[in-house]
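Novice: Have a look at this one before I ask anything.
The values are calculated or read from the model by the stated rules, or taken from the named source; none is laboratory data. Bear in mind that the values here come from a model prediction, so they are computed numbers and not experimental data. Methodologically, a virtual Cβ is constructed for each residue, glycine included, from the backbone with ideal geometry; neighbour enumeration extends over all protein chains shown. We work out accessible area using only protein heavy atoms, side chains counted, and drop any ligands, DNA or RNA first. Shrake-Rupley method; radii C 1.70, N 1.55, O 1.52, S 1.80 Å.
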Amino acid sequence: MKQVIVHPERCVGCMQCMLACAAAHSKTGALISAISESPRPKPRIHVGAGLYDEGFPNRCRHCNPAPCQMACLPGAIYRQTTTNTVLINPDVCINCASCAMACPYGVIRYHADPLGPAGKTIAVKCDNCIARQHKGLIPACVEVCKVGALTFEEMDAAMKKKTDQVARSMSAEAIAADHAPGFSLLNTIKRAQKEINLSR
């Protein structure tokens with residue numbers, strides 16, 4: 001089954017995935033109306049900055065077994081087997097933060113959610129855009145990512161592509177990785193800027 005695959009080496013830190021995610025998890029599902037909703041929708045994917053200020057899209061990996069699910073005292077966290085997605089039942093969540101302490105990726109947040117019970121602070125994390133998938137759409141973060149840092153594909157196929165890419169890079173006559181044009185230059189510039197700032 002398909003999953004969202006993160007390719008951090010391609011991320012340019014534009015944060016469009018965060019915006020699309022927040023809009024997709026709003027009451028209306030549209031950016032233009034989501035900005036005036038209360039509570040304001042928040043993203044379930046978070047872009048952090050690496051050593052050279054390169055972007056890193058951090059999202060739930062839907063681990064199996066899931067540490068958050070094992071740590072959830074009231075049993076609010078469960079796995080939907082048809083999509084292999086770890087979900088949170090907002091009606092059962094007691095906001096104890098046990099799941100956040102257990103999550104090795106730090107992707108669980110706590111706040112009132114437009115799709116949750118009114119006025120209740122709950123644990124919120126990526127749900128693989130289940131509602132969008134039921135409509136035949138791909139996750140919002142993947143749809144909006146124009147550089148391919150987020151893809152929606154079978155894990156085996158993604159791993160094979162990566163293996164082939166690494167194998168090609170190890171060849172005697174290796175050529176540059178097949179990224180979109182500009183990635184190498186962009187990352188080189190970011191590293192140079194960081195090194196200049198560190199030397200001051």
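Novice: With every protein chain left in place, what is the accessible area per residue of the chain in square angstrom, probe 1.4 Å? Numbers along the way, then the final one.
Specialist: Values: 11450 Å² over 200 residues.
The answer is 57 Å² per residue.
Novice: Next question, about the same structure. HN-Hα J couplings of the stretch 42-57 from phi, Karplus 6.51/-1.76/1.60, θ = phi - 60°, integer Hz, Gly and Pro as x?
Specialist: Going residue by residue, I get 10, x, 10, 10, 10, 9, x, 10, x, 4, 9, 6, 7, x, 9, x Hz, with x marking Gly and Pro.
Novice: What is the percent of Cα-Cα separations in the chain that go past 30 Å? Can you show the working numbers first?
Specialist: Numbers: 5667 of 19900 pairs.
Of all Cα-Cα distances in the chain, 28 percent exceed 30 Å.
Novice: What are the ³J(HN,Hα) couplings of the stretch 18-29, residue after residue, when phi is run through the Karplus curve with 6.51, -1.76, 1.60 and θ = phi - 60°? Round to Hz, x for glycine and proline.
Specialist: So the Karplus estimates, Gly and Pro as x, are 5, 5, 5, 5, 4, 5, 5, 9, 9, 5, 8, x Hz.
Novice: Which residues' amide hydrogens lie under 5 Å from the amide hydrogen of Ala123, considering only partners 5 or more residues apart or on another chain, with H built in the peptide plane?
Specialist: Result for Ala123 returns Asn95.
Novice: Now for a different question. At 7 Å along Cα-to-Cβ for each site, give me the label-to-label distance between Thr121 and Asp91 in nm.
Specialist: The two pseudo-label positions are separated by 2.4 nm.
Novice: One quarter of the convex hull surface, Cα atoms only: what value does that give for the stretch 61-125 in nm²?
Specialist: Working: hull surface 16.4 nm².
With the hull built on Cα positions only, its mean projection is 4.1 nm².
Novice: Could you give the length gained by full extension between Thr28 and Glu153, i.e. 0.36 nm per residue of separation minus their alpha carbon distance, to one decimal place?
Specialist: 42.3 nm
Novice: Roughly what percent of Cα-Cα pairs across the stretch 7-77 reach past 21 Å? Walk me through the intermediate numbers first.
Specialist: Values: 1162 of 2485 pairs.
Tail of the P(r) past 21 Å holds 47 percent of the pairs.
Novice: Can you send over the carbon and sulfur percentage of the accessible area for the chain, probe radius 1.4 Å, protein chains only? Numbers along the way, then the final one.
Specialist: Details: 6780 of 11450 Å².
Accessible surface attributable to carbon and sulfur in the chain totals 59 percent.
Novice: Sticking with this structure for a sec: With labels modelled as points extended 7 Å from the Cα through the Cβ direction, what inter-label distance (nm, one decimal) is found for Arg61 paired with Leu198?
Specialist: Modelled inter-label distance: 2.6 nm.
Novice: Can you pull the one-decimal nm distance between simple spin-label points at Leu185 and Arg168, each 7 Å off the Cα toward Cβ?
Specialist: Inter-label distance under the simple model: 2.1 nm.
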